[in-house]
Each structure stands twice: as C-alpha cells, then as structure tokens.
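Written out below as structure tokens is the structure these notes cover.
The values are calculated or read from the model by the stated rules, or taken from the named source; none is laboratory data. Remember, predicted model here, so these are calculated numbers, not experimental data. For neighbour counting, all protein chains shown are included, and Cβ atoms are generated from backbone atoms with ideal geometry for every residue, glycine included. Just the protein is used for accessible areas: all its heavy atoms, side chains included, with ligands, DNA and RNA removed. Shrake-Rupley method; radii C 1.70, N 1.55, O 1.52, S 1.80 Å.
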Amino acid sequence: MRTTNHLIGLLNFITFLLSIPILGGGIWLSSRANNTDCLKFLQWPLIVIGIAIMVVSLAGFAGACYRNTLLMWVYLFVMFFIIAALIGFIIFAYAVTDKGSGRQVNRGYLDYYLQDYSGWLEERVASDSYWGKISSCVRDSKVCGKMSVNFNGVPETADMFYRRKLNPIQSGCCKPPTDCGFAYVNETIWTYTGGAVYNPDCNKWSNDQELLCYSCDSCKAGVLGSVRKSWRKVSVINIVILIILVIAYVVGCAAFRNNRRIDNDEPYGQARMTKSQPSRIHL
C-alpha cells in the first residue's frame, strides 16, 4: 500500500514538472516581440493546458499523500480530458501550419508569398478586419527599426544585406519583395528602378517608416511563416510531453486500482483478525 502511494505521488510530481514546460511554451509564444504576441489567441490553449495539469497534479499528489480516494479519482478523470485536449491541440497546430514556407531568391534570406499558405490560420490573418490589429502590433514591436547594422561605424552595404539571414517578419514586412527589383539604400529604404512590376506588393511598398510593407501580402505571409516556425518547435515539445503523460496516466490507473483493491480488502482483513483473536475468559 505504501509503495502504491509513493508511486502515485511520484507520478503526480512528474506530471507537475511536465506542466512547467507546457506553461513555459505558452508564455514563450506570448513573449515573442515580433511574432505571436500579435496573435494572442494562439498561445492561450497552451497556457490553459499547462495550468490545468499543474493544478490537477497537485490534487493527485495530495490524494496520494493522504490516501484520499476521491482526490485520486478526480485527478485521473480530469487528466484524461487534459490528455485529450493536448492531443487535440497538437493536431490543430499541425493542421493550421501544414502549408507554406519561404521561397529561395538567391539571397541569404527567403521571400514569403501569401498564396503559399492556406487554411483557417491564413484566412484569419489575411482578413482586413483582423490584419489591422496584427500589422499595428508588428509596427509597434519596432522589429524593422532594429534591423540596422553597422560594422565599426560603416553602414551595411547591399551585398552584405543580401547575405543576411532575416526572420520571416523582417523579410516580409521590412523590405519590398525581391522580384520588385527595388535598389537597396539601407535596410528599410529602397528606390524603384522602373522595371516591370507583376507583384501587387510592389505598389504597396513605402519608404515611410510607419508604412514600409505592413499592408503587403508578403508581410501577412511573413507573420504566418513566423507563427508556423514557432508552433512547430512548441509542438515537438508537446509530443514528447504527451507521450510521458500517457505513460504516467496508464501507470497511475493501475496504481489507483491496486490502491482501491487494498482499501476494499481492509474491512475483511480486520474482521478476520478480530475473529481469530482468542476470547477472554472472565473469572
């Protein structure tokens, strides 16, 4: 019995520790200065699941320490739905980030095109009503203003810039698409060379630092590319945590059944002990 309680307590302590990286993943997504803080609805499922696992694990730990069968039953019941929710979140995360990636343009960075993405996430981000909030958030993050690089006081040249590894937001929102043929002046100022323009984003580019390419489809694609990259990293962690949670849950169910069996056997065992005791002879 004592071993069973120790096992259940250990499992709950493990699941409590597992809730920390889940909660941390949600907080990490919300703290990205140039990314998903602009899409706050995306990280809340992780935060809620992490808090739920943390609270339920504490309840299970208390149930194991005090041999409270009700608390243990509540723990296993709620943990089942938490595991189901985590599975649903992982499937959802991969489904909404299934399509889309940057295109090679003979530069160190990639270019991003909205038509490469599709699905629920693309429709929501690309909608005019929602994009106004996202673009304002990206602008307020000052991600484009932080692109400037000097080398011993010497401004960055075009060749140096073309070799840079830009993140999706920087590539999509802070510069014009490469196929527009704009000439480099500095990281966020480009001049039109008068070539043929087939990309609608070419007409949306502005050297005004408050405008840049925030209204471009490439900027929307850059946000989607950044979300996809972040969610894929978090999903890998969640899959590992899910496997451990399932193993812990299965072992916990077995330990809980064993604990209940011992509890149900106690009255019978006590009755046998009482019956086997010799009766006292009163003189």
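Are any residues in segment 84-100 more than 30 Å from Val250 (Cα to Cα) and open to solvent by 70 Å² or more (accessible area, probe 1.4 Å), and if so, which ones?
Asp98, Lys99, listed by residue number.
Count, please, the residues in segment 180-202 that happen to be open to solvent by 40 Å² or more (accessible area, probe 1.4 Å) and either under 28 Å from Asn150 (Cβ atoms) or modelled with pLDDT under 90 (or both).
Count: 10.
Counting only residues that are part of a helix (DSSP H, G or I), closer than 15 Å to Val143 by Cα and open to solvent by 10 Å² or more (accessible area, probe 1.4 Å), how many does segment 203-225 have?
Looking only at that region, the number is 1.
Can you name every residue in segment 162-187 that is β-branched (Val, Ile, Thr) and either farther than 21 Å from Val227 by Cα or in contact with a strand residue (DSSP E or B) (Cβ under 7 Å, 6 or more places away or on another chain) (or both)?
Within segment 162-187, Thr178, Val185 qualify.
For segment 105-161, how many residues are among the basic types (Lys, Arg), farther than 16 Å from Arg228 by Cβ and either surrounded by fewer than 17 Cβ atoms within 10 Å (Cβ to Cβ) or touching a helix residue (DSSP H, G or I) at 6+ places or on another chain (Cβ under 7 Å) (or both)?
4
Test each condition in (1) over 23 Å from the mean Cα position of the chain (by Cα); (2) free of Cβ contacts under 8 Å to residues at least 12 places away in the same chain for Glu123 and report the one that comes out false.
All conditions pass for Glu123, except number (1).
Could you check Asn152 against (1) at pLDDT 85 or above; (2) on the phi > 0 side of the Ramachandran plot and say which number it fails?
The one condition Asn152 does not meet is (1).
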